[in-house]
1. Could you count how many residues in the range A:171-203 are within 16 Å of ligand 1 (Cβ to nearest atom) and crowded, with 22+ Cβ neighbours inside 10 Å?
2. Go through the range A:16-64 and give me each residue that's under 17 Å from A:Val212 (Cβ atoms) and hydroxyl-bearing (Ser, Thr, Tyr).
3. With the requirement that a residue be touching a Pro at 6+ places or on another chain (Cβ under 6 Å) and among the aliphatic types (A, V, I, L, M), what does the range A:423-457 give you?
4. Determine which single condition B:Pro153 fails, assuming it passes every other condition in (1) surrounded by 18 or more Cβ atoms within 10 Å (Cβ to Cβ); (2) within 20 Å of B:Val202 (Cα to Cα).
5. Among the residues of the range A:70-87, is any on the phi < 0 side of the Ramachandran plot, at the interface with chain B (Cβ under 7 Å from one of its Cβ atoms) and charged (D, E, K, R)?
6. Report yes if B:Ala186 is within 23 Å of B:Ala296 (Cβ to Cβ), buried (at least 20 other Cβ atoms within 10 Å of the Cβ), small (Gly, Ala, Ser) and within 14 Å of another protein chain (Cβ to nearest Cβ), otherwise no.
7. Output yes when any residue across the range A:420-429 is under 30 Å from A:Arg241 (Cβ atoms), among the basic types (Lys, Arg) and either outside the structural domain of A:Val296 (by TED's automatic domain parsing) or surrounded by fewer than 23 Cβ atoms within 10 Å (Cβ to Cβ) (or both), and no when none is.
Amino acid sequence: MSAPPVLRLEGITKRFGALTANDDITLELRQGELLALLGENGAGKTTLMNILFGHYTADSGRVIAFGRELPPGKPRAAIEAGIGMVHQHFALAANLTVLENVIAGTRPLGALGLGSAAAREKLTALSAKFGLAVHPDARVGDLSVGERQRVEILKSLYRDAKVLILDEPTAVLTHQEAEQLYHTLRGMAEHGLSIIFISHKLHEVLAAADRVTVLRGGKVVAERRASETTKDELAELMVGRRVARPRRESQAPGAIALKAARVDVGTALKAIDFEVRAGETLGIIGVSGNGQHTLVRLVSGLERPSAGSLELYGAPAQRPTPRGFVAAGIGRIPEDRHADGAVGEMAVWENAVLERVREPRFSAAGLVRRAAGRAFAREVIERFDVRGGSEDSPIRLLSGGNMQKLILGRNLAESPRILIAAQPTRGLDEGAVAAVHGEILAARRAGTAVLLISEDLDEILALADRVQAIVKGRLSPPIPIEKADPRRLGLMMAGSWEDAA
Amino acid sequence: MMDVLDIFASAGLWAAVLRIATPLIFGTLGALISERAGVLNLGIEGIMTFGAMIGWMTVYHGGDLWLGLAVAALSGAVFGLLHAALTVPLGLSQHVTGLGITLFASSLSYFIFRLAVPVSGSPPTIVPFQVIKIPVLSDLPFLGEAVFSQTAPTYLAIALALVIAYALARTPLGLAVRIVGENPHAAEAQGINPIRVRIGAVVFGSALMAMGGAFLTLAAFNSFFPTMVQGRGWVCIALVVFASWRPERALGGALLFALFDAYQLRLQHVVGKAIPYQLFLMIPYIMSILALLVMARRARVPQALMQPFRRGER
Ligand SMILES: Nc1ncnc2c1ncn2[C@@H]1O[C@H](COP(=O)(O)OP(=O)(O)O)[C@@H](O)[C@H]1O
Ligand SMILES: [Mg+2]
């Protein structure tokens, strides 16, 4: 033990009703250190950081920053003590500019001016010093997710934060952006900042952190130096048991279920060709933003080809509509489950039947058959191990992994002939990833044609039979998975198909 | 035909425009500030009525005109506090609470008025604010009569619009109001207390609304009658949308509406009895709906408008 810790959480306990989200947690952070807080969804990581920052008040325990105890429940006091927080769900006002978001609350409310000129100068200097490029006068709503995160970090730096907390900073980022972020964080630690970041991605934690604290079920279960542990050990500590991702077994594919021949969609997709057969998984790999969004819309019936043809089960898809595609046996796992997959305020059972509510078993004479809907939801909850709520709770109360299991379940319970899975495990923890992968493999075994769109190399290698890369709206020719390795896929994702071949 | 256009050339018309616009400017600014912080206040119609009544009553019982205006503002602040208490910390529906306040404040105004002033043939009157001719400027041809010969509250309303426009855009307080109305969680993360900011905005806004009402009895007319606000509060709510929640545009919108109103009054005289006057009365409202159709589609609504903020909620 050398220098005193900059931050110390002592015996923090927090209950929500009967649930103990944090159970007597003690934690220390030293100057210039990068500490990773690792834990599955629901382990209590966000709750702990919210207590530290004063959003929540703990039932017991103390927060000591730079030797002084912080008053509970006062974000302002935390800010003044030099603590900055980057929230899991960004706390930004979309209609205001970057500069306005950064300086709000920094001057006394009685002051007659904003001091914009000086503020802009300081912000620009910080951007340059830490490599966080973003235009001070841009409207936050116009920025990309990565840029918004930079704004969040700049907000803390602007207030001279000496301790920075980031809650799942990479959950919303692409691979490149995540790497860039950890590079930036390392630079910040070298400038003397102390950083806690939350993650459940093992490889990130191992690559970026100095020290790892593992949280499970609201308790600290272990602490390791990043250099002295392994992925397997951390996975086991985090989940509490050995988790192995399920394996794909080879099987002979059946007839062509979904086929695109030289399809254009506006300017987003150009002359794409692919086919998926029953009992086969076609992986589409690529960095987000290369046309995946439009591709998903195309195969969900939300978008029509502007040229070329789309075939379902060997016949051209006439006048595609989302309802027609659902009726044709296409199940969908949308990329953004909050925006396109679920209606947060509605109950779990309502979300479970939403896509099929017009079918006679769920409604008759314009009235919803609630009992049938609830029964269906219970079945999905049971079979797919959805935890964190009953069929009557609002779905927004479920964690990301459980929401994803419900979305998957409501599709797979119907044995779809085709499954479109877009980034199906983005933001999920190790246990949930294994569960989702298991279900996708089971669907394939049962003869479903799976179109898997992902930017996660490991996921593609684990699930797909054949792979195509998507680059700037174009698709590479497919290669069998046996011939795919990270280097070759990397080349394909960069658009060098010939070199890769 | 010529007469119909000649109306625009008379300085009297433009002087009337400023006069008619004044209560709308106060009311629109009041509604706007509260909405920029995220709270819709449909109590405006009732608060204006109460302000008109209590302001008049103060003067009728011997108070100074400025005292009347101040008492009106204070009464508005009290109703604002009621609205804020119900909608901000308690998070009740802003629509329902606001309409309730309008019903409550309107009835209470009439009740108090009837208790204090017995029914009589002609309503009792006071001596209202007089026109202040601004030295030198009021001697200008046309503009002198049109713009620089108004009562004090009219000058005050215009000045307030400019001050509020500046404050919202350029001061920490204005930025705090805006960020609370856009995303109270972002505000909280910056150490701003969204509950306090919202309460403050609603209270201040309601005081302005009541001042708008008081202008009617203390400057535009000299007596009180219960139906005198006549939907001006609702016009203000629409003007906020028309103005896209920007004070300087609210000023423009109020003037535009007042122009339609002043114009139709004069048009009635020019055209005479050939056309029923009720048709003319409709003109400003029809024009407002058309203007709203054009403007409202481009309006940028405060993102957290009407969304209650609760601490520690996901
Ligand atoms: N505001 C809240 N009200 C009720 N329960 C909550 C609240 N916040 C979190 N929880 C519960 O506390 C547990 C821990 O949640 P959280 O801290 O968000 O976990 P993590 O960030 O590790 O995924 C979960 O079971 C979650 O459902
Ligand atoms: Mg969390």
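1. Number of matching residues: 5.
2. If the condition is that a residue be under 17 Å from A:Val212 (Cβ atoms) and hydroxyl-bearing (Ser, Thr, Tyr), then A:Thr26 is the only one that fits.
3. A:Val436, A:Leu441, A:Leu457, listed by residue number.
4. Tallying (1) surrounded by 18 or more Cβ atoms within 10 Å (Cβ to Cβ); (2) within 20 Å of B:Val202 (Cα to Cα), B:Pro153 fails exactly one: (2).
5. The answer is yes; a qualifying residue exists.
6. no
7. yes
This table checks each residue for (1) within 14 Å of chain A (Cβ to nearest Cβ); (2) surrounded by fewer than 16 Cβ atoms within 10 Å (Cβ to Cβ).
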position: B:Ala214; (1), (2): no, no
position: B:Met228; (1), (2): no, no
position: B:Phe242; (1), (2): no, no
position: B:Ile289; (1), (2): no, yes
position: B:Leu293; (1), (2): no, yes
position: B:Arg300; (1), (2): yes, yes
position: B:Met306; (1), (2): no, yes
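The values are calculated or read from the model by the stated rules, or taken from the named source; none is laboratory data. Remember, it's a predicted structure, so these values are computed and weren't measured experimentally. All Cβ positions, glycine included, derive from the backbone under ideal geometry; neighbour counts span all protein chains shown. For accessibility, only protein heavy atoms count, side chains too; no ligands or nucleic acids. Shrake-Rupley method; radii C 1.70, N 1.55, O 1.52, S 1.80 Å.
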